[in-house]
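This report concerns only the one structure given below.
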Amino acid sequence: MNKDFAVIGLGRFGGSICRTLAELGKDVLAIDLNEERVNEFSTIASHAVSGDSTDEAMLRSIGIRNFDHVIVAIGEDIQSSILTTLILKELGVRNVTAKAQNDYHEKVLRKIGADHVVHPERDMGIRIANNMASNNVLDYLALSDEHSIVEFVASEKIGGRTILDLDIRKKYGVNIVAIKRGSQIIVSPQAKEVIQANDVLIAIGNDSDLDKFERKVIQ
Ligand code: ATP
């Protein structure tokens, strides 16, 4: 599927999004007030323009409503971030992702219609704390307030046992969606799959079920 992206604000966060989308071969329009930043991205993004995103006429003139996804990566200037998001939604941009600086900012962005709100500093803090809190958790991704995907390292204790044998789904309400074994990835492993010590089990479920699974099976 071909998708066009526009990134407004080329700080560390917006710049990193812009670079990654370009590396993934996506068409990206980079927009910033600051000419130097725009020049820096002129060779990275498909197009780069300087302009103030709180200026509705400027956004109309570049045809912003034709973009499938617009990312508002303005951080410090909360007023500009809010006004830009509001104009984008009023102009009919279907997917607007906005970066929030704090909880109040996030609340306002949601209220005015931002389709996705990201809070990178807070979310990364939660992720790192979860990773540090357990020796068996390699990585963690919150899907909602109650559901997550967690990567657990299989201990010696469960090495040699099958998913069926451990009765993971029925007993703990947790689904193993993949197993990483060295460089091999087993997607949707079957119940008869024998788990080996040091396998990485990628599990999805309710947070309390995942917690129970970790305490009873993994540790
Ligand atoms: P990061 O942490 O990602 O570096 P930040 O949170 O410090 O960013 P800012 O530096 O405030 O965010 O903003 C990121 C970029 O957004 C800057 O390059 C700034 O010039 C640009 N920017 C701010 N306001 C506007 C605006 N109204 N229109 C276009 N670009 C803007």
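The values are calculated or read from the model by the stated rules, or taken from the named source; none is laboratory data. If you're wondering where the values come from, they're calculated on a predicted model, not measured in any experiment. All Cβ positions, glycine included, derive from the backbone under ideal geometry; neighbour counts span all protein chains shown. Each accessible area value is taken on the protein alone, full model and side chains, heavy atoms only, with ligands, DNA and RNA left out. Shrake-Rupley method; radii C 1.70, N 1.55, O 1.52, S 1.80 Å.
Given the condition of a type outside the set (A, V, I, L, M, F, W, C), more than 14 Å from the ligand (Cβ to nearest atom), assigned by TED's automatic domain parsing to the domain that holds residue 58 and open to solvent by less than 60 Å² (accessible area, probe 1.4 Å), answer yes or no: does some residue in the stretch 153-167 qualify?
no
What is the residue count in the stretch 125-170 for residues that are part of a helix (DSSP H, G or I), within 15 Å of the chain's Cα centre (by Cα) and at pLDDT 85 or above? Step through it out loud before you land on a result.
Just the residues of the stretch 125-170 that are part of a helix (DSSP H, G or I), to begin with: 125-133, 156-158, 163-166, 168-170.
Those still in the list that are within 15 Å of the chain's Cα centre (by Cα) too: 125-128.
Checking which are at pLDDT 85 or above leaves us with 125.
Count: 1.
For every residue, the table says whether it meets (1) farther than 18 Å from residue 17 by Cα; (2) open to solvent by less than 30 Å² (accessible area, probe 1.4 Å); (3) away from the ligand (no atom under 11 Å from the Cβ); (4) of a type outside the set (Phe, Trp, Tyr).
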residue	(1), (2), (3), (4)
51	yes, yes, no, yes
58	yes, yes, no, yes
62	yes, no, yes, yes
70	no, yes, yes, yes
76	no, no, no, yes
81	no, yes, no, yes
87	yes, yes, no, yes
92	yes, no, yes, yes
96	no, yes, yes, yes
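Could you tell me whether residue 21 is buried (at least 19 other Cβ atoms within 10 Å of the Cβ) and touching a helix residue (DSSP H, G or I) at 6+ places or on another chain (Cβ under 8 Å)?
Considered against the rule, which asks whether it is buried (at least 19 other Cβ atoms within 10 Å of the Cβ) and touching a helix residue (DSSP H, G or I) at 6+ places or on another chain (Cβ under 8 Å), residue 21 comes out as no.
Kindly indicate whether any position in the stretch 134-142 is over 30 Å from residue 4 (Cα atoms) and open to solvent by 60 Å² or more (accessible area, probe 1.4 Å).
There is at least one residue in the stretch 134-142 that is over 30 Å from residue 4 (Cα atoms) and open to solvent by 60 Å² or more (accessible area, probe 1.4 Å).
Only residues that are under 15 Å from residue 153 (Cβ atoms) and either part of a strand (DSSP E or B) or open to solvent by 100 Å² or more (accessible area, probe 1.4 Å) (or both): list them for the stretch 171-184, please.
176, 178, 179, 180, 181
Select from the stretch 3-29 the residues that are out of contact with any His (no Cβ under 7 Å at 6 or more places or on another chain), within 17 Å of residue 93 (Cβ to Cβ) and either away from the ligand (no atom under 12 Å from the Cβ) or aliphatic (A, V, I, L, M) (or both) and list them in ascending order.
Those that are out of contact with any His (no Cβ under 7 Å at 6 or more places or on another chain), within 17 Å of residue 93 (Cβ to Cβ) and either away from the ligand (no atom under 12 Å from the Cβ) or aliphatic (A, V, I, L, M) (or both): 4, 6, 7, 8, 17, 21, 26, 27, 28.
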